[in-house]
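The values are calculated or read from the model by the stated rules, or taken from the named source; none is laboratory data. Here the structure is a predicted model, which is why all the values come from computation and not from measurement. As a convention, Cβ positions derive from the backbone with ideal geometry for all residues, glycine included, and neighbour counts pool all protein chains shown. Just so you know, the surface numbers come from the protein's heavy atoms only, side chains and all, with ligands and any DNA or RNA stripped out. Shrake-Rupley method; radii C 1.70, N 1.55, O 1.52, S 1.80 Å.
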Amino acid sequence: MKLRVALTLIAALLISGCGGGGSPALPSAPAPSSPGGAMQKIKMALVIPLPSKTTSGKRASFVSPSAAGASIAVSGSHGGSATTVADISSASSACTTSAGQRTCTVTASAPFDTDTFTISLYDAAPVSGSIPATAHLLSTGSVTQTITSSFTGPLSVFVGGQIANIGLSSTYASAAADGTAQSLGITVAPTDFGNNPIVAGTSDPYANPIAVSLSETGGSGHMHLVLNGSPSGTSATLTTSSDSISIAYDGGGSAGYSAAVTLSASGAASETLAVSPMFVTSTSPLYASGTLSLSGSASTIPITVQEASAPASLSYTVALSGCTNIASNTAVTGTGVSSSFNVTGGTTASASGCAIQIADGITTQLIHVVNSPNGATIPLPGNTITEYTVQTNASNPPASPDAMTEGPDGRIWFTDVLNGQYGAITTGGTITLYPNTFATYSDIVAGPDGKMYGLTSLSGSDYVSKFDPTTGANIAYYHMQGPGNAITVGPDGKLWFTEGGSNPQIGSVMPSGNLTEYSINPIVGASPDPRGIIKGPDGQLWFCDNYNSRIDTIDVNGNFAVAVDLTQAQPAGASGTGCSYLTVDANNKIWVAGNSSGVVQIDPFTKQVLAVVPISSGMGITSHIAAGADYAVYVSDGAKLARISILAGNSVTEYSPPTTPSSVRGIAQGPDGRIWFSEDGINKVGALTP
């Protein structure tokens, strides 16, 4: 939603002299007067729309139909001044009505000088020559004009409406506290003391602008105001109807967090919008990050829904979709700030398809449900792989697709290391290639600004490349000192990347530029070889040092730490070395590919190795890894794609693509629920339906 503050105020005052027939002219007079100079009588026509009149055509305008009294103050730059009070009500003998408007003729005094005309309109006619003290100001405005014998008008005065009622459309809003950044719009419709909608333009802004302030409770830094598309912190001011105001929410915080947005204007009662994220929590360890892991009818999980500042009348509904015999729920108890219900597992095993929808009439949040009765292995219906040919142009060599990621456009993007180009494939299988002569690419990611970023070697130099996903056109190159290996989006909104070469480094770059690099050598030992990098659940950047078989961290300020030594921390009998890429699963555990003993699972908070899952085909530094929506982790292991089922005790299933020999490389979870992977060297992209 966007805030549209309706107010455009223009009063056209047609000023003419007291002459004879035809177009009257001001009386002749000398040049601008000195203090004490003669005052001249001039005639003005004030045009007031009737309540039924609508504005259309050239320009939205506002002169309040409730206008009944006018004060016209004129002051000359050399000291002369005068104030005229006029009756402009429908009962005034100075007014005539026709064509949906009332025109009132007012005679005022003004010196021949550079004069400032200040017009104020009120909702009451004057009494005994004065505006009553009980009258309400409807609008005011001023204009400066040099009055000479040659000036015949018209004189246009833009008057800004006086807001009596801000007109906030809602007093309560909620948002999904699911970790996803989102925007909440605010809408107001200001009116004057006659309850007439006010519309404002840049020439005639509100007489009393609307001040907007945001305050947070139970946390901080999760919400801020956005004025006309630009962040404005915790305060903003609305001056015209074209101003838009919204709230940016990062999707975070914890139960008890809320915010209040207060809107105020001088002379008007302030109005407040309470905003509460919807927090869905459970005391059970089987619920984490929006996923509920059931173990059949033996599991009954309590779910709590909290909105810290919700009105007592707010009620919640719960609906299950695709959950027959997989899960069931009890009725919701409680309203307002807190409610609860239970979910019980069924007899049917399922890894996907079952979802619980929680709604409060404003916001809807989903819980994904997986169910493994009695610890049984979850069946995977279908398990089909579809392959798509990448390069069909006979004039170019076959493609060698490698790294993959989902783009902001819903397509799956990949690098073609052989032909020096990017490619994108729709979920329907349509492929578009974006060539870039003499370039090679190692990794690719969607940026926080809706653009794509890749690590590029171009003409012997290394860059972070920024390009448009709509056209594939390059927007900018940010120079690195060494060759890049992997890139991700950090918790600070920057692009973070690993780079090798003679001076291995971790680098970051803002979407607008400003690249910074941090040397690894003094921190983690001899000959570091940084490979994959991800944003960890603890707010650190986690990266692999392949040569030293370590997983290390760097914070957004460039401070390094050794997190896990893979040669020392593995269970007995596991002595693998090396590592490549990393991913984070739904339980906020980190998984590492490329270790010769298998895929390593790490707790990022305790820095402990939880499991090492052997992969029969073996892995190396080309092994990629990605978490699927089906509570599994997928890893490329040479000629196969391996699936590690977290719910089935980390059991492994391997899939061989139809075309052989194949070399599975990049992996990405697609928006269609399929697992997409690249097949290096055979010109194919594959999609597994789990």
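General observations
- Measuring nothing but how far apart in sequence close Cα pairs (under 8 Å, 6+ apart) lie, relative to its length, segment 627-670 scores a relative contact order of 38 percent.
- Of the residues Thr427, Thr471, Thr240, ranked by 1.4 Å probe accessible area with the largest first, the sequence reads Thr471, Thr427, Thr240.
- Relative contact order [Cα under 8 Å, 6+ residues apart], the chain, whole percent: 8 percent
- Around Val445: net Lys/Arg minus Asp/Glu count, Cβ-Cβ under 13 Å: +1
- By accessible area, using a 1.4 Å probe on protein heavy atoms only, the chain has 51% of its surface on carbon and sulfur.
- From the coordinates shown, Cα extents along the principal axes in Å corresponds to which of (i) 108, 64, 49; (ii) 77, 69, 55; (iii) 113, 108, 56: (i)
- Of the chymotrypsin sites (Phe, Trp or Tyr not before Pro) found in segment 587-640, the ones in coil according to DSSP and having at most 13 other Cβ atoms within 10 Å of their Cβ are Phe605.
- Given charges at Cβ of Lys, Arg, Asp, Glu: the chain dipole, positive-most of Gln306, Phe543, Pro209: Pro209
- Total formal charge among the other residues, if their Cβ is under 13 angstrom from that of Gly428, Lys/Arg +1 and Asp/Glu -1: +1
- Heavy-atom surface of the chain, accessible at 1.4 Å and reported per residue (Å²): 40 Å²
- Over segment 126-242: Kirkwood hydrodynamic radius from C-alpha pairwise inverse distances, Å: 17.8 Å
- For the set Lys451/Lys589; Lys451/Lys607; Lys466/Lys607; Lys535/Lys684; Lys589/Lys640, the pairs lying more than 26 angstrom apart at their alpha carbons are Lys451/Lys589; Lys451/Lys607; Lys466/Lys607; Lys535/Lys684.
- Residues of type aspartates and glutamates that Lys494 reaches as a straight line, Cα spacing below 15 Å, ignoring anything fewer than 8 places off in the same chain: Asp449, Glu517, Asp555
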